[in-house]
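Report on the following structure.
The values are calculated or read from the model by the stated rules, or taken from the named source; none is laboratory data. None of the values given here were measured: they were computed from a predicted structure. Reconstructed Cβ throughout: ideal geometry from the backbone, glycine too, with neighbour counts over all protein chains shown.
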Amino acid sequence: MGIEQNGCGGKVKVSNESKRNRRRQKKLSPVQKLYETCQEVFANCEPDVVPSPEKIEKLADCLDKMTPADVGLRPNMPVFDDERAPVITYLHLHECDKFSIGIFCLPPSSVIPLHNHPGMTVFCKLLFGTMHIKSYDWENELDKNPDGTVVDTNPPKSHPDGLRLAKLKVNSEFTAHSRTSILYPNEGGNMHCFTAKTACAVLDVLGPPYNDSEGRHCQYYFDFPFADFSVDGVSVDKDKKGQYAWLKEREKPEDLSVVGVSYNGPKISKK
């Protein structure tokens with residue numbers, strides 16, 4: 001047992017184990033800390049189950065502190081060359097049944113089209129560059145259970161042509177100074193589109209990850225202005241029409257090219 005000063009000038013006893021844990025935390029590389037934080041945050045992860053607000057904030061804070069150097073990236077690397085556009089590179093850091101960690105490397109003008117994240121809680125941190133993000137949530141009548149889970153109380157507003165009404169959540173440019181973006185299974189912009197204004201690197205954490213066999217596959221969408229279509233009984237105030245759009249499912253875009261490559265940055269020790 002050791003002795004340390006407390007903030008009031010007194011002394012408190014600190015176990016050797018506690019001191020060892022503190023030293024270990026100080027020695028952890030940022031990417032190792034991210035991995036272990038994800039393990040803690042998503043320990044009880046299931047589809048449509050959102051971690052507690054405290055755990056959400058803990059992971060967001062960890063991501064906010066990440067830099068390109070922490071994952072072995074530099075803006076002048078070949079994967080960010082504007083001659084590579086529209087090819088996007090994906091660096092796979094980790095995946096298990098609870099969560100995945102990866103980095104999308106986007107050359108200037110490349111686009112990740114509008115797509116969803118079924119049942120997932122998603123964290124996106126822009127490590128460098130300028131990116132435009134546009135995101136939507138379905139326009140449903142929603143209630144919440146006492147535990148905070150969301151329940152659909154009315155069917156989604158839809159159009160005979162397969163269109164479904166969505167509400168615009170984000171339509172802004174982000175930089176490395178922006179805080180981590182967080183989206184949830186039913187809110188926060190679950191469907192989003194990335195457009196690289198400059199070369200960009202996006203650190204992506206999904207909990208749980210996509211899994212086709214469990215029904216969590218990536219679905220892509222077209223989006224159309226609200227005013228382009230009309231549905232009986234569906235109306236919004238004139239000054240709010242820009243906040244809504246009609247979304248329609250589409251096949252994976254033929255011009256979307258994402259190439260997976262090995263991650264060669266600081267190693268993650270997986271216990």
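Just to be sure before I move on: is Ala69 over 17 Å from the mean Cα position of the chain (by Cα) and closer than 14 Å to Ala176 by Cβ in the structure I sent? Considered against the rule, which asks whether it is over 17 Å from the mean Cα position of the chain (by Cα) and closer than 14 Å to Ala176 by Cβ, Ala69 comes out as yes. Among the residues of the stretch 13-25, are any of a type in the set (Val, Ile, Thr) and either over 23 Å from the mean Cα position of the chain (by Cα) or at pLDDT below 95 (or both)? There is at least one residue in the stretch 13-25 that is of a type in the set (Val, Ile, Thr) and either over 23 Å from the mean Cα position of the chain (by Cα) or at pLDDT below 95 (or both). Just one of the listed residues (Thr121, Thr89) is at pLDDT 95 or above, touching a Pro at 6+ places or on another chain (Cβ under 7 Å) and more than 16 Å from Val31 (Cα to Cα), and it is Thr121. Filtering Thr198, Thr130, Thr149 for residues that are surrounded by fewer than 18 Cβ atoms within 10 Å (Cβ to Cβ), modelled with pLDDT under 95 and of a type in the set (S, T, N, Q) leaves a single hit, Thr149. Number of residues in the stretch 34-78 that are in contact with a Leu (Cβ under 8 Å, 6 or more places away or on another chain), polar (S, T, N, Q) and not in a loop (DSSP other than H, G, I, E, B) equals 1.
So that you can scan it fast, the table gives a plain yes or no per residue for (1) β-branched (Val, Ile, Thr); (2) farther than 26 Å from Leu247 by Cα; (3) touching a strand residue (DSSP E or B) at 6+ places or on another chain (Cβ under 9 Å):
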{"residue": "Ile88", "(1), (2), (3)": "yes, no, yes"}
{"residue": "Glu95", "(1), (2), (3)": "no, yes, yes"}
{"residue": "Ile101", "(1), (2), (3)": "yes, yes, yes"}
{"residue": "Ser110", "(1), (2), (3)": "no, no, yes"}
{"residue": "Pro113", "(1), (2), (3)": "no, no, yes"}
{"residue": "Phe123", "(1), (2), (3)": "no, no, yes"}
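Being modelled with pLDDT under 95 and closer than 30 Å to Gln32 by Cβ, is that true of even one residue in the stretch 215-237? Yes, the stretch 215-237 has at least one match.
Checked against (1) part of a loop (DSSP other than H, G, I, E, B); (2) more than 30 Å from Gly72 (Cα to Cα); (3) at pLDDT 95 or above; (4) of a type outside the set (Val, Ile, Thr), Leu168 passes all but condition (1).
For the stretch 59-78, does any single residue satisfy the condition of being of a type outside the set (D, E, K, R), without any contact (Cβ under 8 Å) to a residue 60 or more places away in the chain and buried (at least 19 other Cβ atoms within 10 Å of the Cβ)? Yes, there is a match, as at least one residue in the stretch 59-78 is of a type outside the set (D, E, K, R), without any contact (Cβ under 8 Å) to a residue 60 or more places away in the chain and buried (at least 19 other Cβ atoms within 10 Å of the Cβ).
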